[in-house]
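The values are calculated or read from the model by the stated rules, or taken from the named source; none is laboratory data. Computed from a prediction, not measured in an experiment: that's the story for all the values here. Glycine also receives a Cβ, built like all others from the backbone with ideal geometry; neighbour counts cover every protein chain displayed. For the accessible areas, the whole protein counts, side chains as well, though only heavy atoms, and no ligand, DNA or RNA atoms are used. Shrake-Rupley method; radii C 1.70, N 1.55, O 1.52, S 1.80 Å.
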Amino acid sequence: MAASSPSDSRARLDEAEAHLGRAKDHLSASPPDYSGALAEVLGSFRASLVAFLTECGATPDAEAPLGALAGRAVRNDSVLKTVVNRAMVLADRAPAIGRSPKPTVRDREDVETGWYTARNLVQTVAGRLAPPA
């Protein structure tokens, strides 16, 4: 398998930002699409963590459980601990939110907070990546 490059990390971070933008679009719709936003927020979490791990020289399995990616990322850099822990709170609640026929106030608040958490994770990971050449 070929070694990862800084451009691989940047591509994954770009993917995370794209998920974030689509999540914002879902939240801005009338009425808001919380299910669509949740999927995009979780996609942003995953892409951010894969970008970070790729930058660290790991070859992360992009299909690995989110919790496994999160654990590996935090073991590599404790600066990620707070934002990753917040991301995992939403990830743990996601199945219940997804099964709900109509999102509760708590579900809606969690998805909206998840968007901010995803944004913070993207920004934190961006600060950890090598500057573009």
- prompt: Per residue, how much accessible area does the chain have with a 1.4 Å probe, in Å²?
  reply: 54
field: Accessible area of the chain belonging to carbon and sulfur atoms, whole % at 1.4 Å probe
entry: 52
query: Dipole size in debye (nearest 20) for the chain around its Cα centre, Lys and Arg Cβ +1, Asp and Glu Cβ -1?
result: 300
